[in-house]
Amino acid sequence: MSVSFVDLSKNSTLYKKFGIEAGWRFGMYRTARFGDLDALAHLNHTSYLRYFEDCRLQYLIHHGLTNIQNCSPDHPTPVLLGLEIKYLSPVHHCDELFVTTRCIKIGNTSMTLEYAAWKQGCAAWCTSPFVLMIPSKAIKWEINQNMKESIVKFEPNKVAV
C-alpha cells in the first residue's frame, strides 16, 4: 500500500481504470485490508475516513504545510468542523481503490476539501470543512498566500476563495 501522492494529470490511465470522473487531480492508491472491514465483510465506514485523512494530510503537505509531519502542537494542523459522507457501493477485502482529494473552498484560516474513493466508479464521497489551528496556542493559523496560490493553480476546477 502506497501513501505517496499521484498526479492524475500525469497518469490519465487511472481515470479509466478506477472510473474517476473529470475534475480530480490529487490521489493515492489504497488496498482494502482485512482489518479495514466490518462484520459484513465490506469496508468499514471509519476506514474510509482514515483513507480520506491520509489523502488530506498528503494534499496539505504537497501545498506547503510540511510542518504537519512533525505532529507538534506548535505547528498548524487541520481541525475538522464536520464531515458529510455518502457510501455508494461496497468495497471488499483486497479491492484496490484510488482515493482523491480536491479543494473546493479556501478562506483565510479554513478550507473545504472534497474526497472520493474510486473502484469502478465512486464507492464513497465526502466533504469536510476544517480550520487550521496551532493547538498549543488555541489560535487559528492564517493560510499564507503561497499555499493559496499553489492550491488554486493546482486544481483543475475553480476554487472558491
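Bear in mind these aren't lab numbers, they're just calculated from the coordinates by the rules spelled out. Every value quoted in this text rests on a predicted model; they were computed, and no experiment measured them. Cβ sites come from the backbone with ideal geometry, for glycine too, and all protein chains shown count toward neighbours.
Just a few scattered comments:
- GNM on the chain, alpha-carbon springs under 10 angstrom: the most fluctuating residue among 122, 103, 55 is 122.
- Inter-label distance, nm, simple model (7 Å from Cα along the C-beta direction), residue 104/residue 34: 3.7
- In the chain, the inverse of the mean reciprocal separation of distinct Cα atoms equals 16.2 Å; this is its Kirkwood hydrodynamic radius.
- Positive-end residue of 47, 66, 29, charge dipole of region 1-119 with Cβ unit charges: 29
- Ranked packing of 57-63, 26-32, most packed first, by mean Cβ within 10 Å: 26-32, 57-63
- Bridging of residue 10 to aspartates and glutamates at a Cα separation below 18 Å is possible for 21, 155, once same-chain residues fewer than 8 apart are set aside.
- Once the C-beta distance of residue 136 and residue 96 is scaled by a Förster radius of 41 Å, the resulting FRET efficiency is 0.55 to the nearest 0.05.
- Residue by residue, region 124-134 carries 3J(HN,Hα) couplings of 7, 10, 8, 9, 8, x, 8, 10, 8, 10, 9 Hz when phi is fed to the Karplus relation 6.51 cos²θ - 1.76 cosθ + 1.60 (θ = phi - 60°); x denotes Gly or Pro.
- Helix axis angle, 145-154 relative to the chain longest principal axis, alpha carbon, degrees: 30
- Net dipole in debye of the chain [+1 Lys, Arg Cβ; -1 Asp, Glu Cβ; about Cα centre; nearest 20]: 300
- Whole-Hz ³J(HN,Hα) from phi, Karplus 6.51 cos²θ - 1.76 cosθ + 1.60, for region 75-85, glycine and proline x: 10, x, 8, x, 10, 5, 9, x, 9, 10, 9
- Computed over neighbours whose Cβ is under 13 Å from that of residue 9, the net charge equals +2, Lys and Arg +1, Asp and Glu -1.
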